[in-house]
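Notes to accompany the following structure.
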Amino acid sequence: MTTLDLTKLPEHLKSQRWFSGKAWPIKQVSVVDHANLDATPCNLSLAVVEVVYELGQPERYLLPVKPSTDGIKDALEDDGCLRALFDLIRDGAQIPSASGRVVGEWIGGPEGLLGLPSPLPVRRLLVEQSNTSVVLGEKVIVKVIRKLEAGVNPEYEVGRFLATRTSFRATPVLLGALRLEGAAGATLALVHRFVPDSVDGWKYTLERMRQSRPVGDRFLSEMEELGARLGDLHQAFGSAPLDDTAFAPEPLLQEDLQRWSASIVGELGVTLAEAGRLHADLEKRRERLIEYAKRLAQVTPSGQKIRIHGDLHLGQVLRANDQWLIFDFEGEPARSFTSRREKYSPLRDVAGMIRSFDYAEATVALEGGTPRGRVGPSRDAFLSGYRKATQGAAFLPSDDAAFDTMLRAFELEKLLYEVRYEMANRPDWVRIPVEALMRMEEGQ
């Protein structure tokens, strides 16, 4: 392989924007697997390195490197190397690694390659922190995953399922992947169809809510359409055949509701222990909020558990060509791959999006704007679209009362997460979920 100066790896890693361990003293860095890609005009090595810290758990990272007189050179700074990686995926090629093999997979068919110029123009995206993304020929986007986890990557798994086993296309379609098989197995890169001239749903909604006039019929129609697209996604997940164990729907059991309820009660205790000192009114309502969380366990079980998006909010949808696209099926980054792949009530996704509407209006208020009662109409329109698209779906509760109780419980769960997140990262914003918690309690 390309010679890596291991003494320089800690310094190199800490200079990379995608390296998440900058704050921790590094004890050791070692190469656990590597593969050589000899392709003109770029010879590169794909090295998987393990970083051991003085404290905490080890982490693994992907380092595409090439020979350099300076020691370690990031191969992704070279357009030829990026094209070589894409060719490996496009051709479905394989190369041996020290303990396994690197496998390219193309699932986009010949039509996925239509219109690609040669040589492929390369445009790097600078907005990401944890991965490296490049647009090739303005047709495809390649995401090289830097921090690796063992097991099945849910973004790869969900993207492949939607592209090959369903008709759901309200998403930037997965076209291919690069995987490392063997002892250090992981998903190394993903290729999706690039969607030009798109805006993420968070920015789109903020612009609408910043307007001086109340939201109109057009915006509410768009929110209804967004609900319908989520309903279509859940219908796609719910269509998985029984022999597809990773996606096949499962019955929703009383023990599931009890487990989820107990988890929310536990999160209430942890959250109010932190936030109650700063917001005394919240602490006073602890018992009534706990009572509300316990209602989830008392619901008569109906519906199913299915695969869900798992981290859905306005920043995970795109508006392009007057249509909504749902993307980023990676799940909550703080959770393990195993937990992200768990089947759940689809109402958890619904709750995440509803909370995002409240955040958008509250953000406008923090900017100095005037709240104009947009959350309620947006929520109602979104739910209307979702209910129409999922009418009669086996994965939803059989009656409206159960639907409402479960949805509110998952909203409460999301609110508690938001309180903890804001206290740790943006204390000035914690009032947004705290005020929503107060409104929820008052509305019981």
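Some observations on this one:
- Pairs with Cβ under 7 Å, 6+ apart, first in region 204-222 and at pLDDT below 90, second among the polar types (S, T, N, Q): 215/378
- Selection of region 286-314 for residues being basic (Lys, Arg) and surrounded by fewer than 21 Cβ atoms within 10 Å (Cβ to Cβ) yields 286, 288, 294, 295, 305.
- Of the residues 46, 13, the single one that is under 27 Å from the mean Cα position of the chain (by Cα), surrounded by 14 or more Cβ atoms within 10 Å (Cβ to Cβ), of a type in the set (A, V, I, L, M) and farther than 24 Å from residue 136 by Cα is 13.
- Checking residue 92 against (1) assigned to a loop (DSSP other than H, G, I, E, B); (2) within 28 Å of the chain's Cα centre (by Cα); (3) on the phi < 0 side of the Ramachandran plot, the condition it does not meet: (3)
- Top-ranked residue of region 70-87 - restricted to ones that are open to solvent by less than 50 Å² (accessible area, probe 1.4 Å) and over 30 Å from the mean Cα position of the chain (by Cα), ranked as farthest from residue 20 (Cα to Cα): 71
- Helices (runs of 4 or more DSSP H) fully within region 363-444 that include at least 3 residues being under 22 Å from the mean Cα position of the chain (by Cα), in contact (Cβ under 8 Å) with a residue 24 or more places away in the chain and within 30 Å of residue 287 (Cα to Cα): 400-425.
- Residue count for region 18-42 under the criterion of being open to solvent by 90 Å² or more (accessible area, probe 1.4 Å), at pLDDT below 90 and touching a strand residue (DSSP E or B) at 6+ places or on another chain (Cβ under 9 Å): the result is 1.
- Residue list for region 95-115, restricted to those being small (Gly, Ala, Ser) and either part of a helix (DSSP H, G or I) or closer than 15 Å to residue 144 by Cα (or both): 104, 112
- Close pairs from region 291-302: first within 14 Å of residue 413 (Cα to Cα), partner part of a loop (DSSP other than H, G, I, E, B), Cβ under 8 Å, at least 6 apart: 292/444
- Inclusion of residue 105 among residues that are touching a residue at least 40 places away in the same chain (Cβ under 8 Å), on the phi < 0 side of the Ramachandran plot and either open to solvent by less than 30 Å² (accessible area, probe 1.4 Å) or out of contact with any His (no Cβ under 7 Å at 6 or more places or on another chain) (or both) is warranted.
- Counted as qualifying within region 132-244 are the helices (runs of 4 or more DSSP H) with 3 or more residues that are open to solvent by less than 20 Å² (accessible area, probe 1.4 Å) and farther than 27 Å from residue 76 by Cβ, namely 201-209, 217-238.
- Answer residue from region 245-268, given it is without any contact (Cβ under 8 Å) to a residue 12 or more places away in the chain and farther than 13 Å from residue 307 by Cα and is surrounded by the fewest Cβ atoms within 10 Å (Cβ to Cβ) among those: 255
- So residue 56, is it part of a loop (DSSP other than H, G, I, E, B) and open to solvent by less than 70 Å² (accessible area, probe 1.4 Å): yes
- Between 313, 309, the distinction of being out of contact with any Asp or Glu (no Cβ under 8 Å at 6 or more places or on another chain), within 30 Å of residue 57 (Cβ to Cβ) and not aromatic (Phe, Trp, Tyr) belongs to 313 only.
- The set of residues from region 315-357 being more than 21 Å from residue 303 (Cβ to Cβ) and open to solvent by 30 Å² or more (accessible area, probe 1.4 Å) comprises 321, 322, 323, 327, 328, 330, 332, 333, 334, 335, 336, 338.
- Residues that are within 30 Å of the chain's Cα centre (by Cα) and open to solvent by 10 Å² or more (accessible area, probe 1.4 Å) do occur in region 59-69, at least one of them.
The values are calculated or read from the model by the stated rules, or taken from the named source; none is laboratory data. Note that the coordinates shown come from a computational prediction; the quantities given were computed from them, not determined experimentally. Note: ideal-geometry Cβ built from the backbone for every residue, glycine included; neighbour counts use all protein chains shown. Remember, those area values only see protein heavy atoms, side chains included, never the ligands or the DNA or RNA. Shrake-Rupley method; radii C 1.70, N 1.55, O 1.52, S 1.80 Å.
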